[in-house]
Structure formats: C-alpha cells, structure tokens
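Chemist: Here it is, the structure, as structure tokens.
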C-alpha cells in the first residue's frame, strides 16, 4: 500500500496516539489533533508527525481540519469524552457527547469525503464502543452509549452515499489502559489500535459499513 495522508483526532494520547504511531510506522503522512499546543507539539515530535490545534466540541476551531489544503485519505474519528452522572442530573454531558463523538465526526466526514471520492480512495474509521451496541444494552455513563450508538448508525448509513473505493467502518477498542479506561483495564493502547490501523489500510475488496473488534465483526 502506498503512503497516504491520515488525520487522527485526539491523537496526542491513548488509543489515538497508538493509532497515529501505527500509521506513521507504515509510512503514512499523519496529522493529529490536540486541544492544547503543548500536548500536540509533544506528541507530534515524539511520533514524527504533524498536529493541528482543534477542540472538537467547538466547530469554530475545526476550520484547519475541515478545509485542509490537500485533504486526507484516511480519517480516524478517535476523540472521545466520558462525562459523569446520569443524563437527567447532568444534561450538559449529553450535548458534550454528541458534539465530540457524533457531530464532529460527521462534520469531518462531510468535509473530507468529497476529496476521497475525487481520488477514488478513502478510509474512514470511527472509534466506537460495544457500550454503543443495542445488542450489548447501551451501557456507560451519561450519554456515552447514546453517542456511540449514533456513531454506529452513521457508520451503517454512510456507505449508501459513498462509492466502493471509500470505505467507512466502526471499531470497538475494548477496555483500554488510558486516562479514560483507567490503570485496571485489560488492554494496551497498542492492542486497541491494531484493528483501527487494519481498517485504515483495507484492500479494495475489504468491508464497509461494519463494526469490528480484534478484526472480527461485532453485533450492532
């Protein structure tokens, strides 16, 4: 596979950083997003990639990634949040979850997919969760599961609007040792990143509109 231009949201730490590292190791030209300059600069220098300052909860800060000069061939919608409390006790958590994990991915896909279509090649990977699976019961605090279910629905729907050369899939990283997952989690960021990197490099006959963990299909 020849090198491509890749964008990884929230790529300065955790799963996103491991995904970015995996793509850099394959020779792709990677750009990560970060909410602060120190975080973005440190990660970019360590990874050997570029970074953009972007707060996915605020579309006004996203213009650099929504209108890149050359576009991106690979989009990894990784950034996520985990608000506390119930939906009714903390309704702001609902709006924050939807902004970061549904609205921002859609805006990025809407902006970047036309370039992928023109180049006849693109890979979109939505980092979701089995907490967003109806088959698993929509677990998680506040609106986390609701947002991931909406992201899954977006993943299922988009292939009907995209040509075969532009593939969009979702994946569940599992319980990962990150700031969000905690030190007691059973998987490393590198374990979690493997499926995302695989989906970012799918061959022409690879799947689209699917939901995966450890490279195997999951139930919606």
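The values are calculated or read from the model by the stated rules, or taken from the named source; none is laboratory data. Computed from a prediction, not measured in an experiment: that's the story for all the values here. Every residue, glycine as well, gets a Cβ built from its backbone with ideal geometry; the counts of neighbours run over all protein chains shown.
Chemist: For region 150-162, check the following and say yes or no: at least one residue is over 23 Å from residue 98 (Cβ atoms) and surrounded by 15 or more Cβ atoms within 10 Å (Cβ to Cβ). Explain how you work it out, then say what you get.
Modeler: If we filter region 150-162 for residues that are over 23 Å from residue 98 (Cβ atoms), which is where we start, we get none.
Checked against the condition, which is being over 23 Å from residue 98 (Cβ atoms) and surrounded by 15 or more Cβ atoms within 10 Å (Cβ to Cβ), region 150-162 yields no hits at all.
Chemist: Check residue 46 against each of (1) closer than 22 Å to residue 111 by Cα; (2) exposed (fewer than 14 other Cβ atoms within 10 Å of the Cβ) and name the one condition it does not meet.
Modeler: Result: residue 46 passes all but (1).
Chemist: Restricting attention to region 87-97, does a residue exist that is touching a strand residue (DSSP E or B) at 6+ places or on another chain (Cβ under 8 Å), farther than 26 Å from residue 2 by Cβ and modelled with pLDDT of 95 or more?
Modeler: No, region 87-97 contains no residue that is touching a strand residue (DSSP E or B) at 6+ places or on another chain (Cβ under 8 Å), farther than 26 Å from residue 2 by Cβ and modelled with pLDDT of 95 or more.
Chemist: Oh, and also: Determine whether region 60-76 contains at least one residue that is in contact (Cβ under 8 Å) with a residue 40 or more places away in the chain, surrounded by fewer than 19 Cβ atoms within 10 Å (Cβ to Cβ) and either touching a helix residue (DSSP H, G or I) at 6+ places or on another chain (Cβ under 6 Å) or within 24 Å of residue 149 (Cα to Cα) (or both).
Modeler: For region 60-76, residues in contact (Cβ under 8 Å) with a residue 40 or more places away in the chain, surrounded by fewer than 19 Cβ atoms within 10 Å (Cβ to Cβ) and either touching a helix residue (DSSP H, G or I) at 6+ places or on another chain (Cβ under 6 Å) or within 24 Å of residue 149 (Cα to Cα) (or both): present.
Chemist: Same structure again: Given the conditions (1) within 24 Å of residue 167 (Cα to Cα); (2) assigned to a helix (DSSP H, G or I), which single one is not true for residue 60?
Modeler: In the conditions (1) within 24 Å of residue 167 (Cα to Cα); (2) assigned to a helix (DSSP H, G or I), residue 60 misses (1) alone.
Chemist: Another one. Residues that are within 18 Å of residue 66 (Cα to Cα), over 13 Å from the mean Cα position of the chain (by Cα) and modelled with pLDDT under 95: does region 19-33 have at least one?
Modeler: no
Chemist: Pairs needed: first member in region 131-144, at positive phi and surrounded by 15 or more Cβ atoms within 10 Å (Cβ to Cβ); second member anywhere, modelled with pLDDT of 90 or more and not in a loop (DSSP other than H, G, I, E, B); C-beta distance under 8 Å; at least 6 residues apart or different chains.
Modeler: That search, which allows pairs on different chains as well, returns 138/145; 138/146; 138/149; 140/148; 142/93; 142/94; 142/97.
Chemist: Still on this model: Would you pick out the residues in region 4-27 that are part of a loop (DSSP other than H, G, I, E, B) and surrounded by fewer than 24 Cβ atoms within 10 Å (Cβ to Cβ)?
Modeler: Answer for region 4-27, where residues must be part of a loop (DSSP other than H, G, I, E, B) and surrounded by fewer than 24 Cβ atoms within 10 Å (Cβ to Cβ): 4, 13, 26, 27.
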